[in-house]
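Read-outs throughout are calculated quantities, based only on the coordinates presented, and are distinct from any laboratory measurement. As the structure is a computational prediction, the values presented were derived from the model and not from experiment. Here the Cβ positions follow ideal geometry from the backbone for every residue, glycine too, while neighbour counts run over all protein chains shown.
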Protein chains: 2
Amino acid sequence: MFESAEIGHTMDRKAYKNAEPALREALLQAQFKLLEAGHRAVVVLINGVDGAGKGETANLFNEWMDPRHIRTEAFAARPGDQADNGRPAMWRFWQVLPPKGHVGILFGNWYTDPIVQHAMEPDKKGRFQARLEEIRAFERMLTDEGVILLKLWFHMSRDGVRNRLKALEKDPKTAWRVTPADWERLEHYSAFVQSSSKALRKTSTGDAPWLVIDGSDPAYRSITAGQHLLAALQLGTQPAADAPTSHHAAPQAPPPLDGRSLLDSFDYHRTLVRKDYRDQLELLQGRLNGLLRAPELKKRSLVLVFEGMDAAGKGSTIRRITQAMDARHYRVVPVAAPNEAERAQPYLWRFWRYLPRWQHTIIFDRSWYGRVLVERVEGFCSESAWIRAYDEINAFEEQQTEAGALVVKFWLAITPEEQLKRFEARQATPHKLYKITPDDWRNRDKWPLYARAVDDMIDRTSTDIAPWHIVASDCKLWSRVEVLRLLCERLEAAVQHRA
Amino acid sequence: MFESAEIGHTMDRKAYKNAEPALREALLQAQFKLLEAGHRAVVVLINGVDGAGKGETANLFNEWMDPRHIRTEAFAARPGDQADNGRPAMWRFWQVLPPKGHVGILFGNWYTDPIVQHAMEPDKKGRFQARLEEIRAFERMLTDEGVILLKLWFHMSRDGVRNRLKALEKDPKTAWRVTPADWERLEHYSAFVQSSSKALRKTSTGDAPWLVIDGSDPAYRSITAGQHLLAALQLGTQPAADAPTSHHAAPQAPPPLDGRSLLDSFDYHRTLVRKDYRDQLELLQGRLNGLLRAPELKKRSLVLVFEGMDAAGKGSTIRRITQAMDARHYRVVPVAAPNEAERAQPYLWRFWRYLPRWQHTIIFDRSWYGRVLVERVEGFCSESAWIRAYDEINAFEEQQTEAGALVVKFWLAITPEEQLKRFEARQATPHKLYKITPDDWRNRDKWPLYARAVDDMIDRTSTDIAPWHIVASDCKLWSRVEVLRLLCERLEAAVQHRA
């Protein structure tokens, strides 16, 4: 992997002085074009051997370009699985993705922990493999979303590192740059390089290859890295071609022969009278309240997803849940069309932001499933985007679950007849009028298309870790109680699993 | 304070049923107008006795209006001074201020901790007083910035609370709503009410008075709170009148009789040759690096502010500092004109966001001083806005300091002649061309106005906790070394202070 980066590439001072001004000018121009076009973001990963010029290169990039449009981030090692209060490992990287038109420079990024851990514990091959797979999927999603990933690896031989440290130590003015940790890392050099080599091999994909740079000569290293960056910026000024649907993709399944859908075949005749409702509601709210305080769930969080046709009763059901919760521990996120900042990011970005810490609950009133529902049906995204979304969503929910979240998803199922009744009632009540728009009527006309999308969604995303609960909701009272009951059961199962 | 809220206000069920629909409709309309106008934000504080309907009212507001444009936040008690990793106490409230056009509902807000602490430790009167003063200043700033503050206090007598808890406990369906903590709080009822009464008295200002609501009858309470909210929303649809300059304000001081300014009278003839520069730079960087790792500064953060005329060398000086830092522990924030999200918030909001945690450094390349420099000179804000900014800035820096930040401010002083040389050099160098714009030449023409603004700024904001360091910068080499030296001295003083 690193052979060609150990042959001692150099560039003489004069050549550097000649090359640098033109490169700077080209970088600046490309950066402004990238910003002006606003099509794509450029994410630069800076990794490699300590002392091979990682920090210097990041500083140089900031010096060469306009730093106002660059976000440079460095992350400390994540102390075990306890960091970020129970958010998934990738959470902190999602927080710093640059918006379209901007450049993000990340060091101490998603490769650092897996590589270092594997170097320390080379026996845990399965874990290493799994984390690299997760990274591949994440980077695949980024490039599919149009992000340009520039992955720079700065290399230096073991002798090179040793000589550098000795030279720095000898000069009293630079001796402070060498710490005991540097010498200790040198001891682990070969384990680190072996682990790195495997990581690079497994994650050098066609869309996001690793570029290995010989770090021993600053002039050579700087100009080489700058040229890679320039190419990435120039690529970024063009709109991202819509990722084609893979030609290996299975053909879309045709509609079922008998024309029936999952939602058609569902029993909608569940009802509850008000007196029973009141009794059961209070009891279930009490049960929920107690469960949320169970010591077994101290390192868990709760992610609730509510989906359903317009007027299915999502909002009023959510209120019956929050009545049993401590206001300091939950947040309701109503999801509408993405705003400008959200459109400048990969699709899932706006949901990642809200992932709760341990002992907290987030309730999504509509969710990331918009991608395979409204965006699919209305053509708000490309076909390839919603087809790959099922995978991305499953991976997203898996990461949440692994970090301790309990993901509970409800589809509130109503019949077209009941929806019509509710639309008409809304139009007759002044303070409910705002809830009904021409869009709602238009969506209603597309009921069969939505029903089809719901079938696919449930087939493809009802997983063992995050199953869908389909709840008959023509009777609001029955629906609310049923949702509470299902939620309590999921929490109880989680308590017993821990106990 | 609470007498009139203990007379047992009620509203019968029928009157409620009559009043509610019209109120809801009016609230919705007012909410949409507020959003459409986008002039002002409405912040609703919900405080009061536990059990008097705080949570229910917040839920009701969310049910009555469109929850997509409401941000509801509840805060847990702040565990001592260790929370938020060393950010000032107000930091977490700044994070959730609603943008213009939106409604924020905050409970467990900035009143909660001071009131509860004072109830527990009534002897520490000075601390209580100081925190209330801080709140007054903060709310004053909010209302000056056009935010509408609706402060609702829900009251209930001690007997009322006791009867409510007993009734809930008696019914097995609602018994879960009562916890041992509720009974414990009842024991401290009178201490809490005394502390609250004092807080309300001290913070009921003309612009942001407290409204006390009898919480014992849900119908009465809800309609009353709703009417207060309606009035606030309706007020918010009008543009905020620019806060008038107080008629008590001292007249602006005339320019000094001899026409000289602080910057005129400064010695610019400091220089350094490159060899000395190299030696001193390395040594100072080493000293800085060591200081930043001093155990005495474990609970401190570092806030660096760089200001200066265009081309004073801010960027290149900052790079000499960051070269000595660990990339995981600092961030450079270049400050330009505010973006849309920033314009929708009080002026200082965008700076509060960046305040660093302990052991971290934030470096502002331009800063909140823009208010009293470019915004004052160019007329980007009203006169009253920059006149009150000095106070707001001093309070801001004081809060940072109290939370453990070391605030170090540099003015890089260059002469007009040196600036001209640098402008011309920039225009002759392709990769520096982007750094010079027509604005820069225009600003240069206003040099005397800027010099005057700098004089006022330094006179009014060079405080004992956050003094300005004016550094002669016509010689870049001398300037960089001097900045590093001053920074090291400030850090050393902080170390000795702790040791």
Which value, in debye to the nearest 20, describes the size of the charge dipole of the range A:274-498 about its Cα centre when Lys and Arg Cβ atoms bear +1, Asp and Glu Cβ atoms bear -1, and nothing else is charged?
960
The range B:274-498: relative contact order from alpha carbon pairs under 8 Å, six or more residues apart, as a whole percent, is 33
If you place +1 on the Cβ of every Lys and Arg, -1 on the Cβ of every Asp and Glu, and leave all else neutral, what size is the dipole of the range B:95-163 about its Cα centre, to the nearest 20 Debye?
140
Unsatisfied cross-links (Cα-Cα over 29 Å) in the set B:Lys17/B:Lys202; A:Lys298/B:Lys54; A:Lys198/B:Lys298; A:Lys314/B:Lys170
B:Lys17/B:Lys202; A:Lys198/B:Lys298; A:Lys314/B:Lys170
Taking amide H atoms as placed 1.01 Å from N in the peptide plane, list the residues 5 or more away in sequence, or in a different chain, whose amide H sits under 5 Å from that of B:Ser301.
B:Gln359, B:Ala405, B:Leu406
I want to make sure I understand the PRE zone here: with the label point 7 angstrom from the Cα of A:Lys125 toward its beta carbon, which residues in the range A:1-43 have backbone N atoms less than 20 Å away?
A:1
Determine the relative contact order of chain A: mean sequence separation of Cα pairs under 8 Å and six or more apart, normalised by residue count, in whole percent.
20
Using the alpha-carbon centroid of each, what span in Å lies between the range A:306-352 and the range B:360-405?
36
Can you work out the FRET efficiency for the pair A:Glu187 and B:Val495, with r the C-beta to C-beta distance and R0 = 25 Å, to the nearest 0.05?
0.20
Quick one, could you list the DSSP H helices from chain A stretching 24 Å or more along their long axis (Cα atoms) with average Kyte-Doolittle hydropathy of -0.5 or above?
A:13-37, A:218-236, A:476-498
With labels modelled as points extended 7 Å from the Cα through the Cβ direction, what inter-label distance (nm, one decimal) is found for B:Arg162 paired with A:Ala76?
5.1
Can you list residues whose amide H is under 5 Å from A:Gly48's amide H, if they're 5+ apart or on another chain and H is modeled 1.01 Å from N?
A:Phe154
The range B:363-425: GluC sites (Glu not before Pro) in DSSP loop, at most 16 other beta carbons within 10 Å:
none
Of the convex hull enclosing the alpha-carbon atoms of the range A:283-388, the direction-averaged projected area in nm² is 8.0
B:Gly104's amide H: which non-local residues (gap 5+, or another chain) put their own amide H closer than 5 Å, with H modeled 1.01 Å from N in plane and none for Pro or chain starts?
B:Val42, B:Val43, B:Val44, B:Arg71
Relative pair counts by distance (%), Cα atoms of the range A:122-206, 10 Å bins
14, 34, 26, 20, 6, 0
With N denoting the number of residues in the protein assembly as shown, provide Rg(C-alpha) divided by 2.2 N^0.38 Å, to two decimal places.
1.02
By what distance, in whole Å, do the Cα atoms of the range B:16-155 stretch along each of the three principal axes, largest value first?
49, 32, 24
Where the only charges are on Cβ atoms (+1 Lys, Arg; -1 Asp, Glu), what is the dipole of the range A:3-236 about its Cα centre, to the nearest 20 debye?
60
Set the Förster distance to 35 Å, then compute FRET efficiency between A:Thr429 and B:Glu342 from the Cβ-Cβ distance, nearest 0.05.
0.35
One-quarter of the Cα convex hull surface for the range B:248-336, in nm²?
10.7
With the Cα gyration tensor of the range B:274-498 giving a ≥ b ≥ c as the square roots of its eigenvalues, does the rule (a/c under 1.5 for rounded; else a/b larger than b/c for prolate; else oblate) give rounded, prolate or oblate?
oblate
Summed over the other residues with a beta carbon less than 13 angstrom from that of B:Ala232, with K and R at +1 and D and E at -1, the charge totals +2
Considering the dipole of chain A built from charges on the beta carbon (Lys and Arg +1, Asp and Glu -1) around the Cα centre, which of A:Leu302, A:Leu257, A:Ser384 is farthest to its positive end?
A:Leu302
Directionally averaged shadow of the range B:379-448, computed from the convex hull of its alpha-carbon atoms, nm²:
7.1
Ratio to report: Rg/Rh of the range B:3-236, with Cα atoms as the point set and Rh obtained by the Kirkwood method; give two decimals.
0.96
Per residue convex hull volume, Cα atoms of chain B, in Å³
183
